[in-house]
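Quick one: this structure, given as structure tokens, is what I'll be asking you about.
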Amino acid sequence: MMALTKGFKETIQMRAQRDSAFRKALLQEGIECLLAGDIDTGKAVLRDYINATIGFEELSKICDKSSKSLMRMFGPQGNPQASNLFAVISYLQEQEGIHLEVKARRVA
């Protein structure tokens, strides 16, 4: 995976702050990547979403985990426990005011 430039990350953050549809799509994309087995991309997208919205410091207070632990969890080498990952995803959905669902569909 190619490293993102600071300018690109700032652009994501600015757009997420002003565009709720973009924020929701970013959260959805991160979760869809995880469900599709693209764990690295899913974690990266969720990390960008967290940085652009609540931030790791605030999230650490909610999850009762250190911000550094949460940053590692969503980092390239991170391997989050399912309970931690789903707790974060649940909170992010709540904050965004959405409820994402998994629906089965037959693959051709």
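Throughout, read-outs are computed from the coordinates displayed, never taken from laboratory work. Just so we're clear, the structure is a prediction, and the values are computed from it rather than from any experiment. We place every Cβ from the backbone using ideal geometry, glycine too, and count neighbours over all the protein chains shown.
Please count how many residues of region 56-91 are exposed (fewer than 14 other Cβ atoms within 10 Å of the Cβ), within 14 Å of the chain's Cα centre (by Cα) and of a type in the set (Ser, Thr, Tyr).
The total comes to 1.
Given the criteria in contact with an Asp or Glu (Cβ under 8 Å, 6 or more places away or on another chain) and either without any contact (Cβ under 8 Å) to a residue 40 or more places away in the chain or part of a loop (DSSP other than H, G, I, E, B) (or both), does PRO76 qualify?
Numbers: in contact with an Asp or Glu (Cβ under 8 Å, 6 or more places away or on another chain): yes; either without any contact (Cβ under 8 Å) to a residue 40 or more places away in the chain or part of a loop (DSSP other than H, G, I, E, B) (or both): yes.
Here the answer is yes, as PRO76 does meet what is asked.
Additional query: Just to verify a result, which residue in region 30-64, among those that are charged (D, E, K, R) and touching a residue at least 24 places away in the same chain (Cβ under 8 Å), is farthest from ASN79 (Cα to Cα)?
Per the criteria, the residue is ASP48.
Select from region 39-55 the residues that are part of a helix (DSSP H, G or I), more than 8 Å from the chain's Cα centre (by Cα) and either closer than 15 Å to GLN93 by Cβ or among the aliphatic types (A, V, I, L, M) (or both) and list them in ascending order.
Listed by number, the residues that qualify are ILE39, ALA52.
While we're on this one: Out of SER83, SER90, I need the residue that is within 18 Å of ILE39 (Cβ to Cβ) and assigned to a helix (DSSP H, G or I). Which one?
Just a single option satisfies the conditions, and that option is SER83.
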